[in-house]
Amino acid sequence: METKLLTTCAKDIAIAAGLIRQGGIVAMPTETVYGLAADALNGEAVKKIFAAKGRPADNPLIVHIANLSQIGELTDDFPEKARLLAEAFWPGPLTMILPRSSRVPPIVSAGLPTVAIRFPSHPAAQRLIRESCPLAAPSANLSGSPSPTTFRHVREDMMGRADAIIDGGDCAVGVESTVITLLSDPPRLLRPGGITAEQLRDVIGPVTVDEAVCRPLREGEAPASPGMKYKHYAPCAQVILLQGGEDDFVAYVNAHAGDGVGALCDSEETARLQVPCMALGPAEDLEKQAHELFAALRGADERGWKTVYAHCPPQTGVGLAVYNRMVRAAGFCVIPLGKEEVV
Ligand code: TXA
Ligand code: MG
């Protein structure tokens, strides 16, 4: 398939919107990560997304809107708490799970009675939606790979697979949106992202965090969100997450230095490490770490690293989103350091 490379200029967005209206698939920038978009109300078009990504058919997609009036096409029930969250965080990196209207083809939601809705803040995504329709769009990576946060990443994964790719430069947030379900009481966080659990609670009161955000599913356990059960964000290299302070992290990594060993670390640690490393950002700047994470996971493979030691972030604020992606990239391999070290 020929893949058109487009910019965010008005003429190119019009071309992309035309492709969408004809049932094509287009990779578009959003403020979180790049998405692979199709007309959300066209089941045949949505099917192409699953094929292009190699995505399992039971993993539902997020529908992106660019006007609150589009909500009515997607769900018949937009409760008060959803309205409050929309007012506080849309447009932005928040996805809400609500009952699915019969107008949304079942394939979008992998047959679930619910639908995930998000109003992105990226101007190019908004323009594309306004000139076409609500867009079903998962992250624009091949299934299982780290989400693309730069134009180069999307090209690597989607050349020859999408009808077009829109170059929107680097994504501002760098991790995917926060996903919250409003079908449970209290509402439950299913995937942490740029909007934190603390921010959500400030607006709607109690919000629980699904246990599977930080731990693997148990044998036979049904996931609240199908995406939880798949291996995600993983480079080819083996990622090992080290939990402990800076001194313990540096000591452990240096003791395990060797061929093909690299580290994802805090900026403060780079000078002390005796292995090749990539700093995600200062230990205190978790927004920066979120922004750098996926590029660093891809970078580990580009550098030919076989084993990657990553320093575990705190599980609060945006740190929870970074931890959630890292622990999945590591296949839940976490080694506690210091006093509790288990060898
Ligand atoms: O920031 C983002 O959310 C990006 C950009 C492109 O908007 N999109 C994204 O989509 O990350 P994707 O498909 O990679 O992740 C969507 C997650 C998956 O874990 C999926 O299982 C979950 O949301 N999800 C989608 N619809 C759902 C539903 N109806 N119920 C429960 N979980 C759902
Ligand atoms: Mg994804």
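Readers should treat all values here as calculations from the given coordinates under stated rules, not as data from a laboratory. Note that this is a predicted model, so its numbers are computed, not measured. Here Cβ is always computed from backbone atoms with ideal geometry, including for glycine, and neighbour counts include all displayed protein chains.
Brief remarks follow.
- In Å, descending, principal axis extents of the Cα set of segment 4-213: 46, 33, 31
- Folded to 0 to 90 degrees: helix 246-255 orientation relative to the chain principal axis, Cα: 70 degrees
- Viscosity 1.567 mPa s, temperature 4 °C, Stokes-Einstein D of segment 6-106 from Kirkwood C-alpha radius, µm²/s: 86 µm²/s
- Highest mean packing comes first when the peptides 324-332, 268-276, 139-147 are listed by Cβ atoms within 10 Å, giving 139-147, 324-332, 268-276.
- When only the Cβ of Lys, Arg, Asp and Glu is charged (+1, +1, -1, -1), the dipole of the chain relative to its Cα centre reaches about 1080 debye.
- Distance from the alpha carbon centroid of segment 273-322 to that of segment 55-110 works out to 31 angstrom.
- Comparing Pro336, Tyr323, Thr75 along the charge dipole axis of the chain, the residue lying farthest to the positive side is Thr75, per the Cβ-charge model.
- The angle between the Cα long axis of helix 286-302 and the main principal axis of the chain comes to about 80°, on a 0 to 90 degree scale.
- Rounded tilt (10° steps) of 10-21 against the dominant C-alpha axis of the chain: 70 degrees
- In this Cβ point-charge picture (+1 for Lys and Arg, -1 for Asp and Glu), segment 99-221 has a dipole of about 280 debye about its Cα centre.
- Approximating the spin labels as points 7 Å out from Cα along Cα→Cβ, the Asn254-to-Val203 distance works out to 4.6 nm.
- Helical contribution to [θ] at 222 nm, DSSP H n ≥ 4, -39,500 (n - 2.57), averaged over the chain, rounded to 500: -8500 deg cm²/dmol
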